[in-house]
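Inspection log for the structure reproduced underneath, given as structure tokens.
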Amino acid sequence: MSHAHHPTVESLWISVVLFLVALVYLNEWLRVAWLVPHGVKGWRAGSFFVGLLLVWVGLGSSLSLLDHDLLTVHMVQHLLLMTLAPPLILLGAPLKLLPQRPVQRLGELIARLHPAVGWIGATATLVVWHIPLVFMLGLRSQVWHGVEQASFLVTGLLFWRPVVEPSRNVLKWPESSILLYLFLATLPCDILSGFLVFCDRVVYPVYLSSPPRFGLTALEDQQCAGALMWTCVTVVYFIAGTILTARLLSPEVSRHNWVVRSDSPLSASTQTTRSSLEVI
């Protein structure tokens, strides 16, 4: 199961694409960052670049050469693409720096998606790609391997959008429900990781024929991958939930939410109706 062409072709293309994305973002940030509403602060730009770097580590670095030999490395790729890189990229507010009409329409379309779409998409992606037959398809076919990686990144961005930018959600569901959103998202991860850790056989037989790496047997590698997923997802979601809780308890946010509700169309309609009744 050779992966020899990956570093010379695919890694090169991935590196070039990510470099161009970073270059475009940097150019727009230097040009309009301080002119758009609320600006895009330097730490947000830094977050975006770190997110792109993590994507490159998962897809374009030498780490990707080991994903066919170690399930742990394969799991690291998935965690980078789905759990770590997406929130950092979204914190960089990339759509805010590109005010062109197509980008605005894309932002509006994404904002209209119900948060459940991101949750269902991320959960389905996680579960489906870890079914043994589908998992093997991704290892054997370079095309399907690319589809797998792209699906993790895309669904990761959709999943983290309502967490990173809850105020931009057109549906205006309560921000406090994000805590439940995060908790429910840990359940499929816990089930899968727990299964990998405590299973007494190798779930993906392809790793039985892989050369030993770092002194790990195939079963130990599987247990390590499951433990890594269990720990990383729990810690990241806990940090996100803690930050969100602190934000919700902030007096400034509470006052802002009260003002937003007062200025909402429903509130305005109620006030108009009340004024009409007073006139009558």
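The values are calculated or read from the model by the stated rules, or taken from the named source; none is laboratory data. Source: prediction; values computed, not measured. All Cβ positions, even for glycine, are placed from backbone atoms using ideal geometry, and neighbour counts span all protein chains on display.
With respect to being at pLDDT 90 or above, out of contact with any His (no Cβ under 8 Å at 6 or more places or on another chain), closer than 29 Å to G194 by Cα and surrounded by 22 or more Cβ atoms within 10 Å (Cβ to Cβ), T72 fits the description.
Residues of region 205-232 that are of a type in the set (F, W, Y) and under 11 Å from L71 (Cβ atoms): Y207 alone. Any residue in region 186-194 that is more than 20 Å from the chain's Cα centre (by Cα), under 30 Å from P115 (Cα atoms) and without any contact (Cβ under 8 Å) to a residue 60 or more places away in the chain? Yes, region 186-194 contains a residue that is more than 20 Å from the chain's Cα centre (by Cα), under 30 Å from P115 (Cα atoms) and without any contact (Cβ under 8 Å) to a residue 60 or more places away in the chain. In region 140-153, of all residues being surrounded by 15 or more Cβ atoms within 10 Å (Cβ to Cβ) and touching a residue at least 24 places away in the same chain (Cβ under 8 Å), the one that is nearest to I14 (Cα to Cα) corresponds to Q149. Condition check for P205 on (1) within 16 Å of V73 (Cβ to Cβ); (2) modelled with pLDDT under 90; (3) surrounded by fewer than 18 Cβ atoms within 10 Å (Cβ to Cβ): one failure, at (1).
Name the residue that is nearest to the chain's Cα centre (by Cα), counting only residues in region 219-232 that are closer than 11 Å to T72 by Cβ and aliphatic (A, V, I, L, M). Among residues in region 219-232 that are closer than 11 Å to T72 by Cβ and aliphatic (A, V, I, L, M), the one nearest to the chain's Cα centre (by Cα) is M229.
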